[in-house]
Amino acid sequence: MVDPGFLYILSALLLILTIGLIYFFKGDVLQPGILMSMTMLLSSILAALNIDRWQLQFSMSSTIVLFMAILSFACGNLAACKIAFYRQPISPILTVKYYKANNLIFFSFLIMSILAMFSFREIYHLSVLLGNTDGIFNIIKTVRPAIEAEQVMLSRWMNYRQYISLAIASVYIYAFLSNLIFFKWSNINLILLVPVLAYIPFMIFTTGRMAMMSFVIFVVVIGNFLYLKKNQFKLEAGIKSIIILGILGIMAIAFFLIMGYLSGKVASSTRTPFIILSHYLGLSVPAFDVIYHQIPVENSLIGSNLLVSVYRNLNFLGFNLPEVEIFLPFVNFEGIDTNVYTAEWRYIKAFGIIGMLGVMWLLGVFYSYYYNYLKYNNSIKITSLIIYATISYPLFLSSIDERFFLDLFGTTIIYIGVCLWLAKKIILDKY
């Protein structure tokens, strides 16, 4: 039997830190430090509950390293608040637009449907080339393993179509939530969700769960922020937002399992929904302990498994650099395999422990400044808010794997940012 003692110690330390941050920020659950601490707390609890099944140890050194990482991020959060927003009052919102349903909604739906048809055609043909003979219901099961093994890549046009569709869906989600929170409910608001439904195929076409998780997180951040903003971030609103966050979290988990079913990762008698959830949300923590003690932090290229977009762009510009891989190798731990080891391990592998703590502090400063700029503004900066919500998912997923540098430290965020800005100008500014 494996002793989960240090996992419980880590969970207790993270619980104390989370409660302390919630108290300090008066229930503002969207503060980056709170989100970072809460997600690691959830992962550590799930790990402790499953550690005997996985037969993985967890050491005191890993407890110290992971807690110091989260504490470093929280210190960056606090530093940005104290330096840039010290005693700054929260101003009431002066004006909020009401977004009526119009013909542009159906035009947007038509554009997204056409783009979805092109994307479906491309991924179906790719699955046939990879040996799919069972029709459309076997597309994802055929393509996903080849993508994970980096044998194939989706075309840039596939990505561009998703960026455009993501931008359209995002601005309509904002419009719907803004109407829902600031104005009296009307059934006509549901029409604003029509383009959002058209984005679902694009999440499936990515063959993984990341697009789904990032979009669900986007909705959670936008909705909670608007609710807190309406109530001037009062403590009562903060407590209610925590409850809302919990409810939305349960819904997100259900959606996560559904997307897993669509990609062929089905539940069974030996693979229950709880085991699946624990595997994805909790296994990375004890896996960190194993990989931290077995693999040396040395590499010929700095950040080769972290700054993937940077190295690929340099190679595209003509630099002769070795190929880098975004996917880490799978490691088998007593019959359980994984290739995710928390964001902290990627930072340690790239920069060492001190470098990792520095990166966590800088990320805490960045996210804190951005978020509190939106919080203390007397108006809703729609474009800035939508972009922030779009890039906030690394906060929720850092206990699983790194996403900030992998996804946002390259040209991808530029393309998405431009698409979001254009979609906001074309769709929302018409009102």
### Task
Rounded to the nearest Å, what's the spacing between the alpha carbon centres of the stretch 414-429 and the stretch 351-406? Just the number, please.
20
### Task
Please order 81, 75 by the number of other Cβ within 10 Å, starting at the fewest.
75, 81
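Order by neighbour count: 40, 153, 212, fewest other Cβ atoms within 10 Å first, most last.
The most exposed by this proxy come first: 153, 212, 40.
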### Message
My understanding is that a pair violates if its Cα-Cα distance is over 20 Å; which of 26/230; 26/375; 82/240; 97/234; 229/430; 26/424 do that in this structure?
### Response
82/240; 97/234; 229/430; 26/424
### Query
Can you give me the Cα centroid spacing of the stretch 97-144 and the stretch 1-78 in angstrom?
39
### Query
Taking the highest mean first, how do the peptides 177-189, 44-56 order by number of other beta carbon atoms within 10 angstrom per residue?
44-56, 177-189
## Note on the structure
With residue 132 itself left out, Lys, Arg at +1 and Asp, Glu at -1 over residues whose Cβ is under 12 Å from its Cβ give +1
### Under 13 Å, Cβ to Cβ, from residue 228 - net charge with Lys/Arg +1 and Asp/Glu -1
+4
### Task
Divide by every residue of the chain the summed helix terms, -39500 (n - 2.57) for each DSSP H run of at least 4, and state the resulting mean residue ellipticity at 222 nm, rounded to the nearest 500 deg cm²/dmol.
-22000 deg cm²/dmol
### Per-residue HN-Hα couplings for the stretch 235-244 [Karplus 6.51, -1.76, 1.60; θ = phi - 60°; Hz; x = Gly/Pro]
4, 4, 5, x, 5, 5, 5, 5, 5, 4
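Where a number appears in this text, it was derived from the coordinates with a stated rule and is not lab data. Computed from a predicted model, the values in this text were never measured in an experiment. Methodologically, a virtual Cβ is constructed for each residue, glycine included, from the backbone with ideal geometry; neighbour enumeration extends over all protein chains shown.
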